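Read the figures in this text as sums done on the coordinates, not as results from a lab. Predicted model, so just to flag it, every value in this text is computed and none were measured. FYI the Cβ positions are ideal-geometry reconstructions off the backbone, even for glycines, and counts take in every protein chain you see.
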């Protein structure tokens with residue numbers, strides 16, 4: 001059974017989310033992404049807004065199958081992102097209902113559906129390999 005694949009572009013104060021192949025980006029304001037000095041502030045706020053986005057996009061197949069997600073950190077941060085910040089973001093997405101999260105840092109520009117369609121099979125394979133460990 002194929003899971004939906006959600007692409008989330010994270011900016012300071014908001015994020016865009018879409019199901020790959022839908023072609024529709026939906027913007028979600030998020031106070032948890034407005035912290036000064038670092039991108040991630042309030043974990044609970046981020047998790048709640050990710051959950052709102054997943055429900056609004058109807059990302060859960062048959063209402064129960066959790067989607068896979070690529071979370072793309074768009075803004076550059078001085079000194080980069082800490083391992084703790086990345087782990088926090090991953091946990092927020094998992095708490096929102098994402099079955100497996102992949103992170104992409106600020107070194108890449110936002111990805112088109114065409115680019116995502118090319119990398120999804122590799123990410124799905126990684127997910128299957130990890131699941132079978």
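Details
- DSSP bridge pairs, the chain: antiparallel proportion in percent, nearest 5: 50
- Fraction of the pair-distance distribution of the range 36-99 above 15 Å, Cα-Cα pairs, percent: 53
- Separation of alpha-carbon centers, the range 1-69 and the range 89-126, rounded to whole Å: 11
- Highest-first arrangement of 60-70, 92-102, 115-125, where packing means the average Cβ count within 10 Å: 92-102, 60-70, 115-125
- Percentage relative contact order, the chain, counting C-alpha pairs under 8 Å, at least six apart: 25
- With the helix formula -39500 (n - 2.57) applied to DSSP H stretches of n ≥ 4, the chain reaches a computed 222 nm mean residue ellipticity of -11500 deg cm²/dmol.
- Cα gyration tensor shape of the range 77-116, rounded if a/c is under 1.5, else prolate or oblate by comparing a/b with b/c: oblate
- For the chain, convex hull volume per residue from C-alpha positions, Å³: 107
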